[in-house]
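**Student:** Quick one: structure below, then a few questions.
The values are calculated or read from the model by the stated rules, or taken from the named source; none is laboratory data. Please read all numbers here as calculations on a predicted model, not as lab measurements. Here the Cβ is made from the backbone with ideal geometry for all residues, glycine too, and neighbour counts use every protein chain on show. Areas reflect the complete protein model, heavy atoms only, side chains present, ligands, DNA and RNA absent. Shrake-Rupley method; radii C 1.70, N 1.55, O 1.52, S 1.80 Å.
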Amino acid sequence: MEALVVRRLGDPTLAPGSEASPFAEISRDYPVPELSSPTAVRVRVAATSLNFATFLQVQGKYQERPPLPFVPGSDYAGVVDAVGPGVRRFRSGDRVCSFTGLGSFAEFIVAEEKELFLVPEGCDLIAAGALPVAFGTSHVALVHRAQLKAGQLQISLSATHQSILRPSAGVEVGQPNIGSLHALNLGEADAPNQASVATRTRSMAATASVWAASVEAGPLVLLVLGAAGGVGVSAVQIGKVCGAVVIAVARGPEKLQYLQSIGADHVIDSSKDNIIESAKFFLKARGLKGVDVLYDPVGGKLTQDSLKLLKWGAHILVIGFASGDVPIIRANVALVKAHLAFAALRDRKAVGKVMIVMDASVKSRL
Ligand SMILES: NC(=O)c1ccc[n+]([C@@H]2O[C@H](COP(=O)([O-])OP(=O)(O)OC[C@H]3O[C@@H](n4cnc5c(N)ncnc54)[C@H](OP(=O)(O)O)[C@@H]3O)[C@@H](O)[C@H]2O)c1
């Protein structure tokens, strides 16, 4: 089979042939991987995407350094080619996607059944091949860490302490987080109804015998940095699905236009606009007080500026450092855990993810 084989590490942004560039070649007789267990599935790869991790791996800068030679590649989509005797959920011809540490820049890849997702009808394989890393990362960050949920409004009870609040019927108290805002999931039906939010809040505070000096309700504000990049685009989309007001930061008019087309409520060009002024102007016009969730795959000065827009108790989701500059976040503003740290990728022109398509018959608008 065909596979892209990395034989020497190096900086892939340098001209091929120079000493510091990597040496990678397409092998046309790379062995087709065998089914490695009874529950293994072999997939004929239709599309695989280029991730930041791949860029680091080829330079030997990723946390895992595979021995040379290796076939890079992480997320992919394709069609099931063969299954082990213990496989129950898939059969030949099924359309699947997944992600892996290595090996998707090849015609075939083998995965365990439990690592694969069925691609639903209506989703093309190129889109599915870009999904697992970017959308998986943003889903974990926004939905699990920051607790964004569809239909969510936030309620701020001043002078209260979440540990003494108890959920009442139909009201779910967010993750305990002393000293932070209290995010309550009120469900789709109640989401737009501020009066109902206030009533429930008052009754909850009363039940818990808590003094609530003021009650404010409104949508969560999500600020996405590097919003036109792979994880950024997915964060904007997931944020909108969760009902957040999304402020997207990127560089260049084409990227801003794209971000508006996928639903961003406000876009800021960080290559020319002052992000603090622009965001404050927008927030004021909407009657919003600040940012509740900062999604940060960029780092550097952009992070430092963004901290000035946060409301008290906001979540900071540290996703990566695409700028190459790891920011210092003072302990008094840091409330949420970091994910993984990476190195720089500069002068990126593309919007979203770079895709390698192995099957010309699949079409995508990505
Ligand atoms: N924690 C995790 O599990 C996880 C998973 C995936 C990725 N990541 C990390 O997240 C980061 C982004 O990944 P990605 O796949 O989205 O990469 P990407 O597609 O290359 O996007 C990176 C974005 O960062 C922006 N950027 C880079 N340097 C910048 C600078 N100096 N100032 C302002 N913006 C800058 C670029 O903005 P423009 O478009 O405006 O040029 C680009 O869109 C990487 O560090 C990656 O390692 C982490």
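**Student:** I'd like to know if the range 215-226 contains one or more residues that are crowded, with 24+ Cβ neighbours inside 10 Å, assigned to a loop (DSSP other than H, G, I, E, B) and at pLDDT 95 or above. Spell out how you get there, then give the answer.
**Tutor:** Pass one, the range 215-226, residues crowded, with 24+ Cβ neighbours inside 10 Å: 220-226.
From the residues that got through so far, the ones that are assigned to a loop (DSSP other than H, G, I, E, B) too are 220, 225-226.
Restricting the remaining residues to those that are at pLDDT 95 or above gives 225-226.
Checked against the condition, which is being crowded, with 24+ Cβ neighbours inside 10 Å, assigned to a loop (DSSP other than H, G, I, E, B) and at pLDDT 95 or above, the range 215-226 yields at least one hit.
**Student:** Can you name the residue in the range 235-281 that is in a helix (DSSP H, G or I) and of a type in the set (Val, Ile, Thr) and, of all such residues, is surrounded by the most Cβ atoms within 10 Å (Cβ to Cβ)? I'd like the intermediate steps shown before the answer.
**Tutor:** Applying the first criterion (in a helix (DSSP H, G or I)) to the range 235-281 yields 235-241, 253-261, 275-281.
Still in the list and also of a type in the set (Val, Ile, Thr): 236, 238, 241, 275-276.
On the way: Val236: 28, Ile238: 22, Val241: 15, Ile275: 20, Ile276: 14.
That would be Val236.
**Student:** What number of residues within the range 61-92 satisfy the criterion of being under 20 Å from Leu131 (Cβ atoms), within 16 Å of the ligand (Cβ to nearest atom) and in a loop (DSSP other than H, G, I, E, B)?
**Tutor:** So the answer is 3.
**Student:** Moving on. Here is a check on your reading of the model: is Pro120 open to solvent by 10 Å² or more (accessible area, probe 1.4 Å), without any contact (Cβ under 8 Å) to a residue 24 or more places away in the chain, touching a strand residue (DSSP E or B) at 6+ places or on another chain (Cβ under 9 Å) and more than 16 Å from the ligand (Cβ to nearest atom)? Reasoning before the result, please.
**Tutor:** Values: open to solvent by 10 Å² or more (accessible area, probe 1.4 Å): yes; without any contact (Cβ under 8 Å) to a residue 24 or more places away in the chain: yes; touching a strand residue (DSSP E or B) at 6+ places or on another chain (Cβ under 9 Å): yes; more than 16 Å from the ligand (Cβ to nearest atom): yes.
Taking the combined requirement at face value, the residue satisfies it.
**Student:** Looking only at the range 282-312, filter to residues that are free of Cβ contacts under 8 Å to residues at least 60 places away in the same chain and under 19 Å from the mean Cα position of the chain (by Cα); which one of those is farthest from Val233 (Cα to Cα)?
**Tutor:** Restricting to residues being free of Cβ contacts under 8 Å to residues at least 60 places away in the same chain and under 19 Å from the mean Cα position of the chain (by Cα), the top hit is Gly300.
**Student:** Is at least one residue of the range 294-317 part of a helix (DSSP H, G or I), modelled with pLDDT of 90 or more, open to solvent by 80 Å² or more (accessible area, probe 1.4 Å) and near the ligand (Cβ under 10 Å from one of its atoms)?
**Tutor:** yes
**Student:** Just to confirm my filter: which strands (runs of 3 or more DSSP E) fall fully inside the range 1-60 and include at least 3 residues that are at pLDDT 90 or above?
**Tutor:** Correct list: 3-8, 40-50.
**Student:** Additional query: Kindly check whether there is at least one residue in the range 320-340 that is in contact with a Phe, Trp or Tyr (Cβ under 7 Å, 6 or more places away or on another chain), at pLDDT below 75 and under 24 Å from Thr13 (Cα atoms).
**Tutor:** No - not one qualifying residue is present in the range 320-340.
**Student:** Take the conditions within 25 Å of the chain's Cα centre (by Cα), modelled with pLDDT of 95 or more, within 30 Å of Gly226 (Cβ to Cβ) and among the aromatic types (Phe, Trp, Tyr) and apply them to Phe105. Does it pass? Lay out the reasoning, then the answer.
**Tutor:** Values: within 25 Å of the chain's Cα centre (by Cα): yes; modelled with pLDDT of 95 or more: yes; within 30 Å of Gly226 (Cβ to Cβ): yes; among the aromatic types (Phe, Trp, Tyr): yes.
In short, yes.
**Student:** Which numbered condition in (1) closer than 24 Å to Asp94 by Cβ; (2) open to solvent by 20 Å² or more (accessible area, probe 1.4 Å); (3) within 16 Å of the ligand (Cβ to nearest atom) is the only one that Phe52 fails?
**Tutor:** (1)
**Student:** Output the residues belonging to the range 123-150 that are closer than 17 Å to Val43 by Cα and open to solvent by less than 50 Å² (accessible area, probe 1.4 Å). If you could, list the steps in order and put the result at the bottom.
**Tutor:** Here is the first cut: in the range 123-150, the residues closer than 17 Å to Val43 by Cα are 124-132.
Across the range 123-150, the qualifying residues are Asp124, Leu125, Ile126, Ala127, Ala128, Gly129, Ala130, Pro132.
**Student:** With the requirement that a residue be near the ligand (Cβ under 9 Å from one of its atoms), touching a Lys or Arg at 6+ places or on another chain (Cβ under 9 Å) and over 21 Å from Gly129 (Cα atoms), what does the range 219-274 give you?
**Tutor:** Of everything in the range 219-274, those that are near the ligand (Cβ under 9 Å from one of its atoms), touching a Lys or Arg at 6+ places or on another chain (Cβ under 9 Å) and over 21 Å from Gly129 (Cα atoms) turn out to be Arg251, Gly252, Asp269, Ser270, Ser271.
**Student:** Residues Arg88, Arg65, Arg7: which one is farther than 23 Å from Gly324 by Cβ, open to solvent by 60 Å² or more (accessible area, probe 1.4 Å) and out of contact with any Pro (no Cβ under 6 Å at 6 or more places or on another chain)?
**Tutor:** Arg88
**Student:** Hey, does the range 95-105 have a residue that's within 16 Å of the ligand (Cβ to nearest atom), open to solvent by 60 Å² or more (accessible area, probe 1.4 Å) and part of a strand (DSSP E or B)?
**Tutor:** Scanning the range 95-105, I find at least one residue that is within 16 Å of the ligand (Cβ to nearest atom), open to solvent by 60 Å² or more (accessible area, probe 1.4 Å) and part of a strand (DSSP E or B), so the answer is yes.
**Student:** Quick check on Ser104: is it in contact with a strand residue (DSSP E or B) (Cβ under 7 Å, 6 or more places away or on another chain) and closer than 18 Å to Tyr30 by Cα? So that I can check it myself, show each step before the final result.
**Tutor:** Values: in contact with a strand residue (DSSP E or B) (Cβ under 7 Å, 6 or more places away or on another chain): yes; closer than 18 Å to Tyr30 by Cα: yes.
It is true that Ser104 is in contact with a strand residue (DSSP E or B) (Cβ under 7 Å, 6 or more places away or on another chain) and closer than 18 Å to Tyr30 by Cα.
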